[in-house]
Amino acid sequence: MDDKTLRQFIIDELDFEPSIDAANIGVAVEKGVVTLTGHVANYVEKLAAERAVKRVKGVKAIAQEIEVRFSNQPKRSDDEIAQRALDILTWSVQVPADSIQVKVEKGWITLTGAVEWQYQKQAAESAVRHLSGILGVSNMIEIEPHVAAADVHRKIMDSLKRNAEVEADSIRVVVDNGKVILEGKVKAWYERNLAERAAWSAPGVKAVEDRLSIGR
């Protein structure tokens, strides 16, 4: 697929996504690498734009340069955002109590602390990224591994083999001290995402290095 056709597909996908106002989003494509520019009304819309682009076949990489510009929303102070973030984390049943620390600087939330599972780290970020008045979220929460590398490898490979959309035989999995390295080739971006998700779903995984290439 040439870059001109891919760019049009991306623009169409952004226009099709109901949670995005694509009027102020710019799209540039060079050799399958997509650069998103412009501005949106909130952080959630910025994430939605990135997810929409990842769904398009032929996208090899994304440079995310969209800015968040608040329009009619009242400006929130950092201490107000921090307190609301702490409150929502306390209410979340998926986040262990008192395991997460919150820092807010100029509307940007940074999460730190330690949990046992990747889904808990993701749940913490998901809980706060919908707060109004934020510019972004940095998820620095660590995952403390409590399982053997062989068990992690087996669980990931079993998950890949169960997934009908992923050719498990074309993916090599290496596990080293809680870090998972994925190597090999997949046919599309969504398969790469499925492989990453399988790796993160194993207990004790604290980092995933995706070296998978996209192609036939």
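Structure above, values below:
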| read-out | value |
| --- | --- |
| Flag if Lys46 is basic (Lys, Arg) and open to solvent by less than 50 Å² (accessible area, probe 1.4 Å) | yes |
| Which listed residue is within 24 Å of Arg211 (Cβ to Cβ), hydrophobic (A, V, I, L, M, F, W, C) and under 22 Å from the mean Cα position of the chain (by Cα), from Val128, Val152 | Val152 |
| Candidate set: the range 190-209, residues that are more than 16 Å from Gln122 (Cβ to Cβ) and open to solvent by 30 Å² or more (accessible area, probe 1.4 Å); chosen: the one modelled with the lowest pLDDT | Tyr190 |
| Residue count, the range 115-126 (criterion: touching a helix residue (DSSP H, G or I) at 6+ places or on another chain (Cβ under 8 Å), at pLDDT below 90 and crowded, with 19+ Cβ neighbours inside 10 Å) | 2 |
| Of all residues in the range 128-180 being open to solvent by 40 Å² or more (accessible area, probe 1.4 Å) and within 30 Å of Gly107 (Cα to Cα), the one that is modelled with the highest pLDDT | Met140 |
| Verdict on Ala82 being over 19 Å from the mean Cα position of the chain (by Cα), more than 19 Å from Asn139 (Cβ to Cβ) and small (Gly, Ala, Ser) | no |
| Residue in the range 1-10 that is nearest to Gly58 (Cα to Cα), counting only those that are of a type outside the set (Lys, Arg) and surrounded by 15 or more Cβ atoms within 10 Å (Cβ to Cβ) | Leu6 |
| Among the residues listed as Val34, Val53, Val44, the single one being among the aliphatic types (A, V, I, L, M), outside any strand (DSSP E or B) and in contact with a strand residue (DSSP E or B) (Cβ under 6 Å, 6 or more places away or on another chain) | Val53 |
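The values are calculated or read from the model by the stated rules, or taken from the named source; none is laboratory data. Note that the coordinates shown come from a computational prediction; the quantities given were computed from them, not determined experimentally. As a convention, Cβ positions derive from the backbone with ideal geometry for all residues, glycine included, and neighbour counts pool all protein chains shown. Keep in mind that these areas ignore ligands, DNA and RNA; they rest on the heavy atoms of the full protein, side chains included. Shrake-Rupley method; radii C 1.70, N 1.55, O 1.52, S 1.80 Å.
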